1. I'd like the full set of residues that are more than 7 Å from every other protein chain (Cβ to nearest Cβ), within 16 Å of A:ALA318 (Cβ to Cβ) and not in a loop (DSSP other than H, G, I, E, B), limited to segment A:291-305.
2. Taking the options B:VAL184, B:VAL142, B:VAL89, B:VAL101, name whichever one is over 16 Å from the mean Cα position of the chain (by Cα), of a type in the set (Val, Ile, Thr) and not assigned by TED's automatic domain parsing to the domain that holds B:ASP243.
3. Restricting attention to segment B:151-164, report how many residues are part of a helix (DSSP H, G or I), of a type outside the set (A, V, I, L, M) and at pLDDT 95 or above.
4. Hey, among the residues in segment A:28-73 that are more than 13 Å from A:LEU8 (Cβ to Cβ) and among the polar types (S, T, N, Q), which one's modelled with the highest pLDDT?
5. Would you confirm whether any residue within segment B:179-197 is in contact (Cβ under 8 Å) with a residue 40 or more places away in the chain, among the aliphatic types (A, V, I, L, M) and surrounded by fewer than 19 Cβ atoms within 10 Å (Cβ to Cβ)?
6. Across segment A:307-347, what is the total count of residues that are within 30 Å of A:LEU8 (Cβ to Cβ) and away from chain B (no Cβ under 14 Å)?
7. Give me the residue from segment A:241-273 that is without any contact (Cβ under 8 Å) to a residue 40 or more places away in the chain and either under 21 Å from B:LEU112 (Cβ atoms) or of a type in the set (D, E, K, R) (or both) and, out of that set, nearest to the other protein chains (Cβ to nearest Cβ).
8. Considering each residue of segment B:266-281, count those that are within 7 Å of another protein chain (Cβ to nearest Cβ) and either closer than 13 Å to A:ASN233 by Cα or of a type in the set (Val, Ile, Thr) (or both), and give that number.
Amino acid sequence: MNVLTLRLTSRALCCGWYVPELREPRWQHTSSWEPGAAVLGDSVATQLFAARRMLSSIVSGSAPDAIGIHLRHGGEVLDRPTRASEDVLDALKVVAAQAPLHIPPTLGLARIASQIFAGSPVWLVPETAFFCGLPVREQIYGLAGETRRALGVRRFGYHGLYHEAACDLVIGQRIRAGNQGPARVLSVCLEPQSELAAVRGRQPVMVTSGATPLEGLPGETSCGELDPGIVLNLARDFSIGPEQLDALLSRQSGLRALAGQPLSLGQILRSTSRNTRLAREVFAYRLLAACGAGCGALGGADALVFSGRYARQAEELATQLSEALVCALQGQTEPVCVHYLHEPLDRLLADATIRAAGPRARASAGNAAGVDGGLL
Amino acid sequence: MQIMVLNCGSSSLKYSVLALPGEREIARGEAQRVGPRTAEPARIVHRGAGAERTVFADMPDHATAFDRIVQVLDEDDVASSDVIAHRIVHGGKHFAGSVEVDSGVERALSDLNDLAPIHNPPAVALVGACRSRHPEVPQVLVFDTSYHNTIPDAARTYALPETLRVEHGLRKYGFHGISHQYVVGEAAAVLRRPPSDFNAVSCHLGSGGASLCAVKGGRSVDSTMGYTPLQGLVMSTRCGDLDPAVTLQMLARQEGDAEAVERTLNRTSGVLGLSGASADIRDVIAGASDGLSGLTAQAYLWRLRKYLGSYLTLVAPAHAVVFTDTIGETVPAVRAAACGGLEGFGVELDPVANAGPGPLPADVAASGSRVRVLVVATNEELAIARDAFRLLTSSTSTAVEGAWS
């Protein structure tokens, strides 16, 4: 089936046209839109009209069999890729407060796409769906029930498409090798806000991100894990308000703060400069600690998979991590296999759309049920 | 030299009267369940004059607990001590080692109250009370943060702008260092390994606070607690790890009132907040078949297991996992749940030995376990007394050991 993928970043609209006979996009286009805008302006509609004209010129009279729209956060409302109806879009307004810069524009995009490509079904593909079924013990924070309910917080992961594809890669290779058992996968997604997920088969049991992507590994500009006492001290001793603190922790911290200059994770990983050493070491250390936590959650590890836009820069990291895991897993006889997933996000978005909308849609798509095996 | 050691936990006040250098114990005890009411009444369990007795008394705060302890010691005719030594949770960036108290030290100590709002204030108040009652008795402060001075930059650095990290000292300090250092030393001795070649994960699981320490070559290389004792494991009334954005959300809802959020995260979260019934994980585990208690136990144990896996990886190859303090020493179910499923790390418990470890220290690992699992009774009081004795008998006492700025 032919799929049009649409993905909004904070600065751009990325369009891709995927056809069955090619893994690469038949056509793709990226155009800027106003950064941080809460709603989409006419420019995006204009861009989509242009995309429609472009597609018609590629294949005469063609219309997408499905449109897959990337959704950063579907909350607990969407536990799988879901066709965008008015009811679904209304229901997602509840989640909008958790990602105010992402969800409202994406819902606007879905509405515009439905109008412009009338007749083509529009699917919302949430990154968080993979993590809807995280075990409750992993979801929960050590807060009183009334506080949790008032804030509506629970842990999610935010790179579900990469992690799901990483697990499928491992499962496929194990099946070809005659190993049918569920793999214990440490899936490392190297993106501007990187994330590690520990997955048994296709069921995640642990993830480094939290109620928002701010928690976990340090990002290019975001702080990652932080003592809550520091946030309170900054508020009290420096009289910084919550919004300024959010800007400080989200945009002025992370690897950029450690390196003293705005660099991508890829640049940090490639660099040998002394100036970036602290950033490299802190990132590698936190990632190793997270791998260990993942092994604790899984009882070991069979595979370590790197995905994301910086996966090609992960070789040195992979060597360090796999050597450390061999040393740590003293009771495990099987090695930890290292894999790389080099598929771009839009290809994974197209695949997820095809799985949801295609004739052989997975009956059990999504991880809806969080089942806890007791620890006691 | 007779030294009275006072050890303020967040919900307990341990005390010990020791004669140094022979390390003869004259009396010891613990005021338990100090602070918020729990399912059982507050009490002092006192051991002295060859007998143990329990005295029930209301102890809403640590100062009251101290007064009750002094009464109990008087009843046993214990002589006044030559030195009072205090465990202080947070030494901040000013105190790198133990120090004798004077007015300047007391003022500098008071400045650290915000860093450990549950622990430092009662201990600081206790230092003041002791000085006013016994101005002629030297007092020594021994800090929980000192052992963690060896945590490397990669582990202690938060990904924050340099001005905050360097000028304002926002870094991981780590806590429970006195206990971790003591039990790690004991464990190395049990396993007949030189401390400099001993890798372990030390699990200090108290009835109030709890932390893990990653130990490589006998030195602390990481701690689950951070800049304050709020970070890390789910604790009695503390939340432990929390998404910074959630803290910001709470601040916004409280219109920027950091004190209110701090009270919530420090005093009404953790086991108490999750269960809604008790701040003591023992109460929760006893009723873990109930939905809310079950959820609380799962959250507490799961974070413990994840950190254990993480630290076993950081110190690899690990020689031992060491459990200590009230929960670590006395609750086999917690040890079993923490170590369960970690056979891949070479950790295997002997279920019979774990259920009844006998006299401590005890090795409760299965015979084939590559990583030994030890239960060691912590003795922070002895460790503190040793440090105080060393400080006061050293010819260069405050200049060397008591360095502070």
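1. Listed by number, the residues that qualify are A:GLY294, A:ALA303, A:LEU304, A:VAL305.
2. B:VAL101
3. So the answer is 3.
4. Among those that are more than 13 Å from A:LEU8 (Cβ to Cβ) and among the polar types (S, T, N, Q), it is A:GLN28.
5. Yes, segment B:179-197 contains at least one residue that is in contact (Cβ under 8 Å) with a residue 40 or more places away in the chain, among the aliphatic types (A, V, I, L, M) and surrounded by fewer than 19 Cβ atoms within 10 Å (Cβ to Cβ).
6. The total comes to 17.
7. Filtering segment A:241-273 for residues that are without any contact (Cβ under 8 Å) to a residue 40 or more places away in the chain and either under 21 Å from B:LEU112 (Cβ atoms) or of a type in the set (D, E, K, R) (or both), the one nearest to the other protein chains (Cβ to nearest Cβ) comes out as A:ASP246.
8. Summing the residues that are within 7 Å of another protein chain (Cβ to nearest Cβ) and either closer than 13 Å to A:ASN233 by Cα or of a type in the set (Val, Ile, Thr) (or both) in segment B:266-281 gives 1.
The values are calculated or read from the model by the stated rules, or taken from the named source; none is laboratory data. Quick caveat, the model's predicted, so the values are computed rather than measured. So basically every Cβ, Gly included, is an ideal-geometry build from the backbone, and we count neighbours across all protein chains shown.
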